[in-house]
Amino acid sequence: MKNYGEIYRFEIKKIMKNRLTVAMLIVTVLFILIEALIPKLYMSKEMEEGQKVLEGAVIDDALLQEMYPKLIDNGTVWTADNFQYEKVAEIENGIIPDNARIREYSADELYREREAVILDLMKEERLADEEIVWWQNENAKIDTPFTYRYCQGTINFAQGMSLTLMCIMLISALCLSTVFTIEHRQRTDQIVISCRNGRKETYLLKIAAGLSVVIGCSILSAALLAGLIAVLYGINGLNAIVQMEIPLSAYSFTMGQFIIVQMIVMISAAILFAAFAMAISEVVKNSLAVMGIMVGLFIFGQLELIPPRYRVLAQIKDMLPSNQISIWTLMKYRLVGLGGHYVTTYVAAPIIYVFIAIILIVIGKVAYDRFQVTGR
């Protein structure tokens, strides 16, 4: 009887007992704690309660005319007398030009300005006419005027997912890139190969163990962040539209729906990270090179180096996991054409990540088999 389960558990135990894994798990927990706590330091209890006063209010002319007389310095100074309007002013400031005065806009002008700016962003990204029509139909699903919802907790969670994904990438790069290379370095690979399950079964079980560890870390990290956010800020705002934070988004998501999308992106990206770290380390027989590539690509994704006019390159960069999970990607409008139909990158990216992961695993298997034949 082949003891696949025993080998699988052994490989997981070997990864989890690695000192780098333990250190990275501790670092991940600390980063998540800091990410959850820092926003709390900038918001008093009075300000938090004040921002809930307008819950359910429609952001129309009546609310704007009520807010304008209480604004100080174009909505940049907040006191006990006006901080209930801070989020509404932030939404308006996120739409109008930088030097414009908030008081000059009626509700109708504000929403028309939003649509005009979104159209300008689409043209800047060189969208085809069919894509613009697609987005106009999507934008039409959003009810205007907006209804204000307090959603500080869900916003903090969505923003914290970027840091969480970075930690998952580091866990993959530091802890999984040695799954195969450590056996080559310690000269135990020939012993493994000569065992009964040392060929195809061992490779696949190692891959399965690495994937299980990273997916598990992703889910637990997100759960820890969600728990801290729920305790510190509450879970209000899951039904708020994403325009409460990103007013220039044309997505008809609620915050709850966007968080589900982020979880799908994170888990599919974790699969890609794990497959890349393990498979490519087997190809190059060098874990440090794999770590450098993964960290370098993650940092590259954060840099604005590619002008929007280079559409293909810009879209590839935007679809990197570090960008795809960011809440600011809600303002990216390039679509992916498939069979005469368009889908958003939130649909395409997870499929592409898993597809690339499968290819990488196959490449790693070929390298693993060839090494068995050539040896040293």
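The values are calculated or read from the model by the stated rules, or taken from the named source; none is laboratory data. Just so we're clear, the structure is a prediction, and the values are computed from it rather than from any experiment. Positions of Cβ are generated from backbone atoms using ideal geometry, with glycine treated the same way; all protein chains shown enter the neighbour counts. Ligands, DNA and RNA are excluded from the accessible area calculation, which covers all protein heavy atoms including side chains. Shrake-Rupley method; radii C 1.70, N 1.55, O 1.52, S 1.80 Å.
Quick notes on this one:
- Result for the chain in a Gaussian network model with C-alpha springs under 10 Å: among Ala277, Ala348, Ala269, the largest mean-square fluctuation is at Ala348.
- Along the axis of the charge dipole computed for the chain (Cβ charges of +1 for Lys and Arg, -1 for Asp and Glu, origin at the Cα centre), the listed residues Thr154, Tyr42, Met266 are led at the positive end by Met266.
- Over the chain, accessible surface divided per residue gives 48 Å², non-protein components excluded, 1.4 Å probe.
- Helical segments meeting 30 Å axial Cα length and Kyte-Doolittle 0.0 threshold in the chain (DSSP H): 19-41, 200-233, 255-284, 345-374
- In terms of its C-alpha gyration tensor, the chain comes out prolate, because a/c is 1.5 or above and the ratio a/b outweighs b/c.
- Per-residue ellipticity at 222 nm from helix content only, as computed over the chain with -39500 (n - 2.57) for each DSSP H run of at least four residues, stands at -21000 deg cm²/dmol.
- Comparing Ala62, Tyr4, Ile171 along the charge dipole axis of the chain, the residue lying farthest to the positive side is Tyr4, per the Cβ-charge model.
- Contact order relative to length of the chain, as percent, for alpha carbon pairs under 8 angstrom and 6 or more apart: 23 percent
- Carbon plus sulfur fraction of accessible area for the chain, probe 1.4 Å, in percent: 64 percent
- Probe 1.4 Å, all protein chains present, accessible-area order of Asp98, Asp143, largest first: Asp98, Asp143
- Straight-line reach from Lys13: taking Cα to Cα under 24 Å and skipping same-chain neighbours fewer than 8 places apart, the lysines in range are Lys2, Lys200, Lys206, Lys285, Lys365.
- Stretching Asp73 away from Arg101 to a fully extended chain increases their span by 9.1 nm, per 0.36 nm per residue minus the current alpha-carbon distance.
- For the residues Tyr105, Tyr251, Tyr148, a GNM of the chain with alpha-carbon springs under 10 Å puts the largest fluctuation on Tyr105.
- Within the stretch 57-96, none of the chymotrypsin sites (Phe, Trp or Tyr not before Pro) combine a DSSP coil assignment with at most 12 other C-beta atoms in a 10 angstrom radius.
- Proximal lysines to Lys45, defined as alpha-carbon separation beneath 17 angstrom and excluding residues fewer than eight positions away on the same chain: Lys87
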